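Notes for the one structure printed next.
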């Protein structure tokens, strides 16, 4: 019976102290009764293999003990969906952009690569993990506290269906007003951009005499207007064919991809600002130039990260629109549940 | 990676578990109108076609006792200490209500199944 005693000892280990003796006595009696029954039916004592099989059938000690312990959860089923939503929001809203910016810096900033040789390039990841664990840990603690005081949270019991968000109906067409305003803004942007070459001095203000743009950037001066032109074209088409909702999502996706290509190419042209011709920079201006270039680097990286997110969002919207159209042509337009029933 | 057959088996086992959970409580309460200790109760239920393993029965008995539906006492039998369980007065009242509910559900289910056929 040594095996049985070892088994009971293992079960005891996982039980609450106050219940240990009681449960082990009862469980031990049950198992001994089973063994006696088997032995009387076989007419001989159980061998080791048969005893092992009987104990295995009873279950792993931790699992057996677990059934006696009251079910506990750090975050219960009521709050869990909200907990998951907050974790996702933090992951996509903060951690994912962090990764994108790091990749951008590693790929497009030679100065960053130079200052982080070899494995030092991975150095920021230690910061990333501690940040991620801190955020997820803090959120988990907040939700665990909420779970503990859930009975006192009144908003789950005193809710009003009239305050729920309205059902989002998929748009059947792109609003013409939206297209007209979009076109007007696109034209304004193009005019402003083209005026930069003539009135750039005014825009740069007092620093115009000291700094000028890197001449290599001029190659990208006109291509910057391509994404806007794509969107303008879409706005013109949607003015005539407002029911082509897929076109808007597709044009935005295309425009994002072109913009991403342009900004990635621009990011490689470092430094963006150089000393102006015939300008004698003193130490203060040289320092300002370094800081300005650094700020521009960061700005461009943030824009690239933003465009990457926009590419994903608009690609998803395009697929959704195309699928909705395909589904709509087969089953009719999607309707809210109350109308569909 | 589980294949679809394994998933079906798992799904069935989970649904069976849910279906059995409530039935086991009624069966245990009903059978404990007569005093039993755990092993004899388990054997009796098994003989009547409702097998229940010790890892399920004993935690259930403890829970029902904590809820006041069962009363228990340790007594010696066959030179071994055993814990005997019996339905309490409150348990009897609850069992009556559960059996009424059971009959209502059963009758509804019969009608639903007949209608479906």
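The values are calculated or read from the model by the stated rules, or taken from the named source; none is laboratory data. This one's a predicted model, so the numbers in the text were calculated from it and none came from an experiment. In this analysis, Cβ positions are derived from the backbone assuming ideal geometry, glycine residues included, and neighbour counts consider all displayed protein chains.
Couple of notes before you dig in:
- Residue within segment A:72-84 that is touching a helix residue (DSSP H, G or I) at 6+ places or on another chain (Cβ under 9 Å), outside the structural domain of residue A:264 (by TED's automatic domain parsing), surrounded by fewer than 12 Cβ atoms within 10 Å (Cβ to Cβ) and modelled with pLDDT under 85 present: yes
- Sole residue being within 14 Å of chain B (Cβ to nearest Cβ) and in a helix (DSSP H, G or I), chosen from A:56, A:71: A:56
- Within segment A:173-207, if we keep just the residues that are modelled with pLDDT under 75 and surrounded by 14 or more Cβ atoms within 10 Å (Cβ to Cβ), the residue that is farthest from residue A:278 (Cα to Cα) turns out to be A:204.
- Filtered by the rule that a residue be in contact with a helix residue (DSSP H, G or I) (Cβ under 7 Å, 6 or more places away or on another chain) and closer than 10 Å to residue A:174 by Cα, segment A:239-259 gives A:239, A:242, A:244, A:245, A:246, A:247, A:248.
- Among the candidates A:37, A:29, residue that is within 14 Å of another protein chain (Cβ to nearest Cβ), within 20 Å of residue B:78 (Cβ to Cβ) and touching a strand residue (DSSP E or B) at 6+ places or on another chain (Cβ under 8 Å): A:29
- Of all the listed residues (A:29, A:5, A:49), the sole one being in the same structural domain as residue A:143 (by TED's automatic domain parsing) and either assigned to a loop (DSSP other than H, G, I, E, B) or crowded, with 18+ Cβ neighbours inside 10 Å (or both) is A:29.
- Top-ranked residue in segment A:132-151 [being farther than 23 Å from residue A:92 by Cα and in a helix (DSSP H, G or I); ranked as farthest from the chain's Cα centre (by Cα)]: A:151
- Checked against the criterion of being loosely packed, with under 14 Cβ neighbours inside 10 Å, over 28 Å from the mean Cα position of the chain (by Cα) and under 30 Å from residue A:241 (Cα atoms), segment A:152-172 has at least one qualifying residue.
- Test: residue in segment B:85-103 that is within 18 Å of the chain's Cα centre (by Cα), within 14 Å of chain A (Cβ to nearest Cβ) and at pLDDT 95 or above: yes
- Filtered residues of segment B:72-105 (kept if out of contact with any strand residue (DSSP E or B) (no Cβ under 8 Å at 6 or more places or on another chain) and not in a helix (DSSP H, G or I)): B:78, B:79, B:80
- Options A:228, A:299: the member that is in a helix (DSSP H, G or I) and at pLDDT 90 or above: A:228
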